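We did not get these values from a lab; they are worked out from the coordinates using the rules stated. Because the structure is predicted, anything quoted here is derived from the model rather than measured. Cβ atoms come from the backbone with ideal geometry, glycine included; neighbour counts cover every protein chain shown.
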Amino acid sequence: MSGCAATIHKSERLKEISIIVNYPVVIVNDGVHDGINFFNRKDTVWIFYCNNNVLYRLSGATDLETDKKILGTETWFIYVKKATHGFLFNSITDTSKGLRLPIDSFLNKRAYANANFDVPADSLYGKVENGNDTIVEKYFARTVHNGNYPDSLYYYFTNTFENVDYSFSRRLDSAKNMKLYKVRVLYNEGFSSSYKIMLPKREFLFEMREEAIANSKQIINFFEMVKNQINE
């Protein structure tokens, strides 16, 4: 883990990205509200890269009354690239040895690493828009579905995000030789055979963004504090 401390003065060696997720939720007779309730839930996971080390800041608990995250309840997960296990800490100032966990299964559960973005077999291929470093592919449903399948999908690829190993789809990244950094899954208004009601337009969004690092010294200090443990 050598060289991390140097990022305090050479910030290009410390990189931060965020994974932003928006997903519509339908709740039926939850015991608080009668009938069917629809709302959007948002989540963000932050990932820090420093040489061969990866640190996740995971979303905290949600206040059920306000549907907002409770500040200070975030957990942190750290590991070395190509390792099989990482360590979960209750806070960035947690001085314990952390909880040792398998990386793949943990990230699948907590960081959207198991999302399936394969194009549905019955989709029509739409047009491709090319930017300087970006490609946008659009797909549309061939037939009208019952509200359980998307009507259109938008895939965004880019040549940026160098040295970022997080991937929404390694298969699509490899096929395009670019990074899939955003996916929009759109549903038109329609009748749901599952809920027996009309559902409004809704959108699932998965997006990767590069962020400016506001607390680099605190992040570096944490890397340094746990370096011996995670390299054992």
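Key figures for this structure:
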read-out: For the range 16-21, 3J(HN,Hα) per residue [Karplus equation, 6.51 cos²θ - 1.76 cosθ + 1.60, θ = phi - 60°, Hz, x = Gly/Pro]; value: 10, 10, 10, 10, 10, 10
read-out: Listed residues Asn163, Phe106, Ser91: farthest to the positive end of the dipole of the range 4-230 (Cβ charges); value: Asn163
read-out: Calculated SAXS-style log₁₀ I(q)/I(0) at q = 0.20 Å⁻¹ - the range 141-219, Debye, Cα scatterers; value: -0.90
read-out: Among the listed pairs Lys42/Lys97; Lys42/Lys127; Lys127/Lys176, those beyond 22 Å (Cα-Cα); value: Lys42/Lys97; Lys42/Lys127
read-out: Distribution of pairwise C-alpha distances over the range 4-230, 5 Å bins, in %; value: 1, 6, 12, 15, 16, 15, 12, 10, 7, 4, 2, 0
